[in-house]
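> What follows is a single structure, and I will ask about it in a moment.
The values are calculated or read from the model by the stated rules, or taken from the named source; none is laboratory data. None of these values were measured; they are calculated from a predicted model. Here the Cβ positions follow ideal geometry from the backbone for every residue, glycine too, while neighbour counts run over all protein chains shown. Accessible surface areas use protein heavy atoms only, side chains included; no ligands, DNA or RNA. Shrake-Rupley method; radii C 1.70, N 1.55, O 1.52, S 1.80 Å.
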Amino acid sequence: MSLHSNPIITEPYHFTAGNSPLLISIPHAGTRLTPEVASGLSDDALPLSDTDWHIPRLYDFAREIGANMVVGQYSRLVIDLNRPSDDQPLYSTATTGLFPDTLFDGRPTFKAGHQPDEASRQRYLEQIWQPYHQKIAAELARIKQQYGYALLFDAHSIASVIPRLFEGKLPDLNLGTYSGASCAPALSQTLEAICKQQSQFSHVLNGRFKGGYITRAYGQPDQHQHAVQLELAQCNYMEECEPFGFIADKAAQLQTLLRPMLEGMLQWGVRVYGR
């Protein structure tokens, strides 16, 4: 018998219903660990530094504009919800996989010989990854049935300096549309225009982060389903080292741009689809 007896995984995500055609996905804010992962993590991995810290709190305002929201509850060190189930790499440069064996900076995730076994990882796929993606698909289908189109905003953050993944300091806002394939060009142009109306935060479209699996899989503009990823540099709303604290005044400044971006998506949908 397994040391951990393969406990059933419950509540792999938290969902908040809204009243608009916008669905916000937050796959990497979770910090829950399975027993197998918790007991096997290296000392370097224990702080869960690769977490998209505080993203649900940062986007809490989105409920006021009617956004639907699905938030993953398990750490990406258990299974990465923004990678394909076959674990094919999304980038030709350095990256991490469906079951990350290294951290972003290249240090090992697990103590030698303490990675979860294949049976455990299959269980994570079935009980964490699949329910999250089934929820996204179901909500997008429901939204499309109600409105005739759906908008998906995949919300992420990352430390602003990670030499293994990118040179120098990351721009503050990194928009990804899978090089234009995941949404209508006019939608990404709308978001870029909103970013250009301010000078406090730098931005780039389809730079180092073009969109992960969620953006690529669900962005189907020819089917009136438009997906955008936003990767935020964490220095703009939190401490980038332990204890990874939320910095409220910085976050408030960032929200003065995030809110118009989400409102701009909704306004674009009304202009194009009439509702």
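> Over region 13-273, with the other protein chains present, what is the accessible area per residue in square angstrom, probe 1.4 angstrom?
With all protein chains present, region 13-273 gives 40 Å² per residue.
> While we're looking at this one, here's another question. Using modelled amide H (1.01 Å from N, peptide plane; none on Pro or chain starts), what sits under 5 Å from the amide H of Leu152, excluding residues fewer than 5 places away?
Leu23, His226, Ala227, Val228
> Just to make sure I understand: if all protein chains stay in place, what is the order of Asp52, Asp101 by accessible area at 1.4 Å, largest first?
Asp101, Asp52
> Also, quick follow-up: Please list 3J(HN,Hα) in residue order for region 29-42, calculated via the Karplus relation 6.51 cos²θ - 1.76 cosθ + 1.60 where θ = phi - 60°; whole Hz, with x for glycine and proline.
Each residue's phi maps through the Karplus curve to give 8, x, 10, 5, 10, 7, x, 5, 6, 4, 7, x, 5, 6 Hz.
> Roughly speaking, what is the stretch gain from Ala137 to Gln189, that is 0.36 nm per residue apart minus the C-alpha to C-alpha distance, in nm to one decimal?
Answer, rounded to one decimal: 16.2 nm.
> Of Asn206, Ala119, Gly148, which is farthest along the charge dipole of the chain in the positive direction, counting Lys and Arg as +1 and Asp and Glu as -1 at C-beta?
Gly148
> To the nearest 10 degrees, how steeply does helix 248-273 sit against the main Cα axis of the chain, on a 0 to 90 scale?
It works out to around 60 degrees.
> Given the DSSP H assignment, sum -39500 (n - 2.57) over each helix run of at least 4 residues in the chain and divide by its residue total; what's the result at 222 nm in deg cm²/dmol, nearest 500?
So the calculated ellipticity at 222 nm is -9000 deg cm²/dmol.
> Ok, one more. What is the spin-label model distance, in nm, from Glu263 to Ala119 if the labels are put 7 Å beyond Cα along the C-beta direction?
Roughly 5.5 nm, to one decimal.
> For a Förster distance of 22 Å, can you work out the FRET efficiency between the beta-carbons of Ile247 and Phe61, rounded to the nearest 0.05?
Efficiency, from the Cβ-Cβ distance: 0.85.
> Still on this structure: Dipole size in debye (nearest 20) for the chain around its Cα centre, Lys and Arg Cβ +1, Asp and Glu Cβ -1?
Rounded to the nearest 20 debye, it is 780 debye.
> Still on this model: Considering only protein heavy atoms, with the full assembly of protein chains and a 1.4 angstrom probe, order Leu258, Leu266, Leu46 by accessible area, largest first.
Leu46, Leu266, Leu258
> Using a simple charge model, +1 on the beta-carbon of Lys and Arg, -1 on the beta-carbon of Asp and Glu, nothing else, what dipole does region 135-275 show about its Cα centre, in debye to the nearest 20?
Its charge dipole is roughly 480 debye.
> So what's the angle, to the nearest 10 degrees on a 0 to 90 scale, between helix 185-196 and the longest Cα principal axis of the chain?
Between the helix axis and the principal axis of the chain, the angle is about 90 degrees.
> What full-extension length gain, to one decimal in nm, is calculated for Glu239 and Leu46 as 0.36 nm per residue of separation minus the Cα-Cα distance?
Residue separation times 0.36 nm, minus the Cα-Cα distance, leaves 67.8 nm.
> Once Lys and Arg get +1 and Asp and Glu get -1 on their Cβ, which of Ala251, Thr215, Cys235 lies farthest toward the positive end of the dipole of the chain?
Going by the charge dipole, the pick is Thr215.
> What are the residues whose amide H is under 5 Å from the amide H of Asn206, where those residues sit 5 or more places off or on another chain and H is modelled from the backbone?
Leu175, Gly176, Thr177
> By per-residue mean of other Cβ atoms within 10 Å, what is the highest-first order of 146-156, 16-26?
Highest-to-lowest ranking by the protection proxy: 146-156, 16-26.
> Could you give the angle, 0 to 90 degrees to the nearest 10, between helix 130-147's Cα long axis and the longest principal axis of the Cα atoms of the chain?
It works out to around 10 degrees.
> Antiparallel as a % of all DSSP beta bridges within the chain, to the nearest 5?
Of those bridges, close to 35 percent are antiparallel.
> What is the spin-label model distance, in nm, from Arg164 to Tyr273 if the labels are put 7 Å beyond Cα along the C-beta direction?
Placing both labels 7 Å along Cα→Cβ, they lie 3.9 nm apart.
> For Gln220, project a label point 7 Å along Cα to C-beta. Then give me every residue of region 126-155 with its amide nitrogen under 11 Å of that point.
Only 137-138, 140-141 pass the distance filter.
> Here is a follow-up. Could you rank the peptides 67-80, 213-226 by their average count of other C-beta atoms within 10 Å per residue, with the highest value first?
Peptide ranking by packing, descending: 67-80, 213-226.
> Out of the total accessible area of region 13-273 (probe 1.4 Å, heavy atoms of protein only), what percent is carbon and sulfur?
The value for region 13-273 is 50 percent carbon and sulfur by accessible area.
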